[in-house]
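Asker: Dropping a structure here in structure tokens format, bear with me for questions.
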Amino acid sequence: MQTSFTLAQLADPETARSEQILRKCVHCGFCTATCPTFVLLGDECDSPRGRIYFIKAMLEGNRAPTASEVRHIDRCLSCLSCMTTCPSGVNYMHLVDHGRRHIEATYGRALSDRLLRRLLGFLMPRPQFLRWATILAWLARPLAALLPARSSDPGGATFLRRVKAMVEAVPLRVPVPSAVDRPQIFAAEGSRVKRVALMPGCGQQVLAPEVNEATVRLLTRHGVEVVNVAGSGCCGSSVQHIGDNEQALELAKRNIVAWLKEVDGQGLDAIVINASGCGTTVKDYGCMFAHDPLWRDKAERVAALARDVSEFMMEVGLTNVTNRPLTVAYHSACSMQHGQKVNEQPRKLLRDAGFLVRDVPEGHLCCGWAGTYQVLQPDLSRRLRDRKVANIESLAPDVIAAGNFGCVGNIAAATAIPVVHTVELLDWATGGPRPAAMK
């Protein structure tokens, strides 16, 4: 793609990086075939290629985007399926994040939109506040029936429709806080073979604390000492994807400081992450701080240690397996397959644990969760979820597994088939309790 940035514009490292990304695009359109929003809407403006043109125009023109450009970029899930499809290696992830930052810096959103985004940006990285907000929203669930189920916008991006989606996203049961999520050290059972930090996360602590509990049991049972490092928490992705780059960088810095203190102290073999969206972001810390000489090397050290729990368990290997003759439909989260390129490891571990693993038709398409997307674009999110569930149910599995708690909760809301995190099945197969969702 030909670009026409000025030398003054290219003096900005962020713009220079985006210019190089844009120049790799050859207009081939392969990305449109695997983009969830294009598949649903059939509109070139709601495809990666269309959004690339919009971002190019606003950055080259050094101007505020139009309302139409914002609307179509807002509909992007950041599923990154386009990056898997692209034959030219266009780093759409970095480009669309730059586009979102430009939008937030130059575009005047409606007051209701600003307030909702600020609320999400405040709650998502802060488990203590998110928990209380979840409890309040649970109490308000009966009122959701009074709110509109449809909106004039194809994505559902109207205020009352978004409020309804936010309330409906609250689970029927709000889990109690887990003792596992406090800073502490979990000793390895038997001889210690490795020492790792477990990323505690943010939303997962509130909505799915059983995932960290199962992860700790699985790792310690296999001779791994696990540290929940004080000061670590949200990876920053939940706010990065709504354009709040400053808060995203601040959250990343807290993690970097906390983990490197542990690395330089008693040492770490890895930073284990069991939410694939977080894993994609932490592995990208080096790029997030590529133009910051004070943080670049530190960020790269942390990124090099980051491992999805399935990657790490492939290195350790499963032991004392009790075969579970169940059919598992494995849903590969977008951030797992497209963001991290972790594809075979979870499947192999499940097979090694004795499960019959089935791949989901249209497995490359997003389930519609995408963090805050289910609130900000609820109608598109719901359509994608229903499509995903129909594909899964066509396999008639005994259980559904996924490596991202958001996907687990989203899919579980639309099917009677039990949905669990992959690590819960691995924990069960190696001596842990049967997952609660399967009881």
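Asker: With respect to the numbered conditions (1) open to solvent by 20 Å² or more (accessible area, probe 1.4 Å); (2) part of a helix (DSSP H, G or I), which one is the sole condition not fulfilled by Leu268?
Answerer: Tallying (1) open to solvent by 20 Å² or more (accessible area, probe 1.4 Å); (2) part of a helix (DSSP H, G or I), Leu268 fails exactly one: (2).
Asker: Something else now. Can you pull out the residues in the range 143-196 that are more than 18 Å from Gly371 (Cα to Cα) and among the small types (Gly, Ala, Ser)?
Answerer: Residues satisfying the conditions are Ala144, Ala145, Ala149, Ser151, Ser152, Ser178, Ala179, Ala187, Ala188, Gly190, Ser191.
Asker: Separate question: Name the one entry in Ala230, Ala187, Ala169 that is small (Gly, Ala, Ser) and either closer than 30 Å to Leu380 by Cβ or within 22 Å of the chain's Cα centre (by Cα) (or both).
Answerer: Result of the check over Ala230, Ala187, Ala169: Ala169.
Asker: Can you name every residue in the range 326-382 that is among the small types (Gly, Ala, Ser) and crowded, with 17+ Cβ neighbours inside 10 Å?
Answerer: Matches in the range 326-382: Ala329, Ser332, Ala333, Ser335, Gly339, Ala353, Gly368, Ala370, Gly371, Ser381.
Asker: Also, I was wondering about something else. Grab the helices (runs of 4 or more DSSP H) fully contained in the range 332-408, keeping just those with 3 or more residues being in contact (Cβ under 8 Å) with a residue 60 or more places away in the chain and within 30 Å of Phe122 (Cβ to Cβ).
Answerer: Answer list for the range 332-408: 373-376, 378-393.
For every residue, the table says whether it meets (1) among the hydroxyl-bearing types (Ser, Thr, Tyr); (2) more than 21 Å from the chain's Cα centre (by Cα).
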site: Leu7; (1), (2): no, yes
site: Ala11; (1), (2): no, yes
site: Cys86; (1), (2): no, no
site: Arg100; (1), (2): no, no
site: Tyr107; (1), (2): yes, yes
site: Leu119; (1), (2): no, no
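Asker: Just for the range 409-435: of the residues that are within 17 Å of Pro325 (Cα to Cα) and assigned to a loop (DSSP other than H, G, I, E, B), which one is most open to solvent (accessible area, probe 1.4 Å)?
Answerer: Arg434
Asker: Let me ask another. Those residues that are among the basic types (Lys, Arg) and open to solvent by less than 40 Å² (accessible area, probe 1.4 Å), I need them from the range 161-191; list them, please.
Answerer: Of everything in the range 161-191, those that are among the basic types (Lys, Arg) and open to solvent by less than 40 Å² (accessible area, probe 1.4 Å) turn out to be Arg161, Arg162, Lys164.
The values are calculated or read from the model by the stated rules, or taken from the named source; none is laboratory data. Keep in mind that this is a model prediction, so the values were computed, not measured. No Cβ is skipped: glycine too gets one built from the backbone with ideal geometry, and neighbour counts run over all protein chains shown. Just the protein is used for accessible areas: all its heavy atoms, side chains included, with ligands, DNA and RNA removed. Shrake-Rupley method; radii C 1.70, N 1.55, O 1.52, S 1.80 Å.
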